[in-house]
1. Considering region 230-258 alone, what residues qualify as being within 26 Å of Pro189 (Cβ to Cβ), loosely packed, with under 12 Cβ neighbours inside 10 Å and not charged (D, E, K, R)?
2. Can you find a residue that is at pLDDT below 90, loosely packed, with under 13 Cβ neighbours inside 10 Å and assigned to a helix (DSSP H, G or I) anywhere in region 87-102?
3. Any residue in region 24-38 that is in contact with an Asp or Glu (Cβ under 8 Å, 6 or more places away or on another chain) and modelled with pLDDT of 90 or more?
Amino acid sequence: MIAAHPPLDDALRQLGAPDLLALCRWLGIPADPGAIRLGEALPATTRSTDLLVGCGPGLVAQLEVVHEPNEDLPWRLLEYRARLHRREPGVRLSQHVLVLGGGSAPGILDDGAEVWARFHVTHLREQDPADLLADPALAPWACLARVPDDDSRREVLREALKRITTVAPDRIRGLTALALVLAAVHLDPDTIELARRETAVPISLEGTVGGRILERRAMERGRAEGQVTAVSRILISRFGADERIDAIARDAVTRHAERAVDLALAITSLDAVDPSV
């Protein structure tokens, strides 16, 4: 649910109508121009849909963007359907889910005998990045498409940013912000910022959601590096210099975060530690 990922929510809100329209049509939603409503709250609930899209007289589509779907997702969608029908009796609703990361969203909600709702599900990881890069409005999403490794993902991000710079200036900021937010799912902030500089994105990200994402990820990475340094120093002081210490320290910080220092103090022998386990 987008509410659990405020930066992505903010990035979607920065997109203009042409870019939202392109996203909807790529997902098979026959959206009417000017009929897209962002983050619309439904009666008697604090939850909002990501996009409500008018598709013609009496026809509405709902789009939910999720990082990793959980068991509650189908029930949330059913709740949205019920509340929308109460507010707009007679409306015909199709529901679409775009999955950014891992996991799988179900296409139906049922009890084994009765089907209560059907959903159109798209997993970004299964999509060809070339198809998304062909349209600047869809290019930000290409970084999460089907790529073999992070090196390839970095190249896709660079190409996406190049494609974005070809659109009208008033659309560049929103598309760039979205591209950086999505890239941060897999890539570190230094890599993202390098790609931005290399492609000469002609905007300042200061104060934007994309800029805040990079700043926060940089702070998180700096904090982690500080922990690695602290754990390494403890291990060196206890066992002397050893080529295995850096890998052990990084593994401890990655797997145990704030407990890494305590674990370093409890280690009795470097031979007993295997970072690959």
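The values are calculated or read from the model by the stated rules, or taken from the named source; none is laboratory data. Predicted model only: the values in this text are computed from it and were never measured. Cβ atoms come from the backbone with ideal geometry, glycine included; neighbour counts cover every protein chain shown.
1. Of everything in region 230-258, just one residue is within 26 Å of Pro189 (Cβ to Cβ), loosely packed, with under 12 Cβ neighbours inside 10 Å and not charged (D, E, K, R), namely Ala257.
2. yes
3. Yes; the residues of region 24-38 include at least one that is in contact with an Asp or Glu (Cβ under 8 Å, 6 or more places away or on another chain) and modelled with pLDDT of 90 or more.
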